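Just below is one structure, and these are the notes that go with it.
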Amino acid sequence: MLSRPEHLDPRHPEDALGASLGKLLYRGLMEGDPVTFLPRPALAAGASWVDATRYRVTLRSDARFRDGTPVTADDVVATYESVLDASQHSRLRTTYGRLLRAVRAVDPRTIDFELYRPDGSLETLLQLGILPQRDARALERRPEEIARERLVGSGPMRLARYAPDALSLDADGAGAAFRALDVVTLHDPNTLALRLLHGQGDVAELKPELYPLFEGRADFEVASARTSGMTYLGLHCEHGALADVAVRRALAMAIDRASLQRAMLGARAVASTGVLPPSHWAYTSEVARYPFDPAAARRALVAARGEGAPPLRLTLRVSSQRFAITVAQGLTAMLHDVGVEVDVRPSELATLLSDLRAGRFDITLLTVPDLSDPFGLGFWFGSASIPTPENPTAGGNRWRFRDAALDAALDQGLRALGPDARRPHYQRAQQVLAEQLPVIPLWHADVVFALRRPYRGLRPRGDGQLDFLLRLTR
């Protein structure tokens, strides 16, 4: 029971749900491990670097589309070439175009990816869903076309129905405990809860305010999974007092993250020690930490701003969601205790993000939904990713944070090949971010689902993928 996506073609990702459902229709050469977030083979039988700028993938001998035809190297080439084709207007073109010089079929089951320069993020980017070449050569396949024309994908399900208020995926032949997955459009958490409790739905992702309604009920199973996302307090590093890292560190010591997490999420989150969660393949625990210490925070603020300085006044920008506003109120009380006055200003998400890009904020509460591959740290924190009036979509570095050591670590991590070679550089990046604090990490919240009986075996994934539904029993 989720909102209906407008895009399911994997070449045109527009929203998280559409991307997740699209992966039920179209599998990639690789997929993410749901615990460590490392790429692992999916349609690929094997993959390795031939040299620093050439990566070879061999398809599984049993790789098939839903109609039984083999997935071939020509299908893979056509899919990637369509993303690189400017006439297709894929949002992925910039991402893939920065590293792919060419994609070539070596034989019917072997593909070479030729790069402009060494780039370790390629293995993650090979999770793009593969289309049959006849479909890949067409423009975006809209959901209504996929349903009407019965287009076949390389995933375990097929889109059977797409209507204004509903979407249905055919599970026949996928080994699932159900014949179809009906996705119902709902926008309000309370309506979702009522539908579930009255038997008008079987499974749903829960927002934190709904946890108490379903936990402990005999007629529901509730389960969660760790994610690679991070909830954080973002700081405008060019804003007066916040330009001083000592002030940023003082704010970190003023926040009782453990109490706030327990109150808002219970056990369904893990405390942040940095920007990556402990299960992540590139995680390091050897970073600067700022334990809750209001007295030390007060002293640090006085040392940074001088005796007799007026109270620090900040505006906290948040979304208009109830959960975000409640967290913001908790943060406001904690910061007030150390002499920082905070005005909470909620906004609709589109307005909030527009203002953040333009630098119209002091501090903000947000969540990075996915850091499964740490090359994404460059988008959020790299100097080249600071939005400007001339280029407001340059990247996600709304904090206006610049650090040469961080940029160097991120660039080296991108150029390194394989997780063992990449890990030290991204661990150094985590250390710089913990030392300089453009954002104060709060927690890594779980993804939480509720499942109505008689279905059983709920084991959600932390990377947003929905194939765990195929393993339900009844």
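Taking the alpha-carbon centroid of each part, what is the distance from segment 362-410 to segment 37-83 in angstrom?
Distance between centres, Cα-based: 31 Å.
Mind pulling the per residue volume of the convex hull built on the Cα atoms of segment 16-136? Å³ is fine.
Values: hull volume 13.3 nm³, N = 121.
With only Cα atoms used, segment 16-136 gives 110 Å³ per residue.
Using only the Cα atoms of segment 88-210, what semi-axes does the equivalent ellipsoid have when each is the square root of 5 times a gyration tensor eigenvalue? Give whole Å, largest first. Don't skip to the end; give the middle numbers.
Details: eigenvalues 255, 75, 43 Å².
For segment 88-210, the ellipsoid semi-axes come out as 36, 19, 15 Å.
How many angstrom lie between the Cα centre of segment 312-331 and the Cα centre of segment 202-266?
The two parts, judged by their Cα centres, are 12 Å apart.
So which helices of the chain fit the span-like rule, where a helix is a whole DSSP H run, its Cα atoms reach 20 Å or more along the axis, and its mean Kyte-Doolittle is at least 0.5?
Working: long enough: 322-336 (21 Å, 0.89); 419-436 (25 Å, -1.60).
Span-like helices, by this rule, are 322-336.
State log₁₀ I(q)/I(0) for segment 280-368 at q = 0.26 Å⁻¹ as given by the Debye formula over alpha-carbon point scatterers of equal weight, solvent excluded.
-1.18
Under 4 °C and 1.567 mPa s, how fast does segment 230-445 diffuse according to Stokes-Einstein, given a Kirkwood radius computed over C-alpha pairs? Answer in µm²/s, whole number. Before the final figure, lay out each step's value.
Values: Rh = 17.6 Å.
Here the translational diffusion coefficient equals 74 µm²/s.
Normalised by the residues of the chain, what does the relative contact order come to in percent, with Cα pairs under 8 Å and at least six apart? Working shown, then result.
Numbers: 993 pairs, mean separation 93.4, N = 474.
After rounding, I find 20 percent.
Report the full-extension gain for the segment E140 to S259: residue separation times 0.36 nm, less the Cα-Cα distance, to one decimal in nm.
Details: separation 119, 0.36 × 119 = 42.84 nm, distance 4.71 nm.
38.1 nm is the gain from fully extending E140 to S259.
If I stretch the segment between A303 and A243 completely, what's the gain in nm (0.36 nm per residue apart, minus their alpha carbon distance), one decimal?
20.1 nm
Taking the chain on its own, what percent of its Cα-Cα pair distances exceed 39 Å? Before the final figure, lay out each step's value.
Values: 29137 of 112101 pairs.
Tail fraction, whole percent: 26.
For segment 230-445, with only Lys/Arg (+1) and Asp/Glu (-1) charged at the beta-carbon, what is the dipole magnitude about the Cα centre, in debye rounded to 20? The partial results should precede the final answer.
Values: 22 positive and 20 negative charges, 50 e Å.
Approximately 240 debye in magnitude.
Quick one: Debye curve from the C-alpha atoms of segment 375-474, no solvent, what's log10 I(q)/I(0) at q = 0.11, 0.12 Å⁻¹?
These q points yield log10 I(q)/I(0) values of -0.53, -0.59.
Sorting check: for 9-19, 447-457, 307-317, which peptide has the highest mean count of neighbouring beta carbons within 10 Å, and how do the rest follow?
Numbers: 9-19: 20.1, 447-457: 17.5, 307-317: 14.5.
Averaged packing, sorted descending, gives the order 9-19, 447-457, 307-317.
Counting only C-alpha contacts under 8 Å and six or more residues apart, can you give the relative contact order of segment 313-405 as a whole percent? Intermediate results must be reported in sequence, preceding the final value.
On the way: 132 pairs, mean separation 24.6, N = 93.
That works out to 26 percent.
Let me know the Rg and Dmax you get for segment 220-358 when you use only its Cα atoms, in Å.
16.3, 57
How compact is segment 329-411 by the rule of thumb for globular proteins, expressed as Cα Rg over 2.2 N^0.38 Å?
Values: Rg = 14.7 Å, N = 83, 2.2 N^0.38 = 11.8 Å.
The reported ratio for this selection is 1.25.
Each value in this text was obtained by applying a stated rule to the coordinates, not by laboratory testing. Since we're looking at a predicted model, the values are computed, not measured. So basically every Cβ, Gly included, is an ideal-geometry build from the backbone, and we count neighbours across all protein chains shown.
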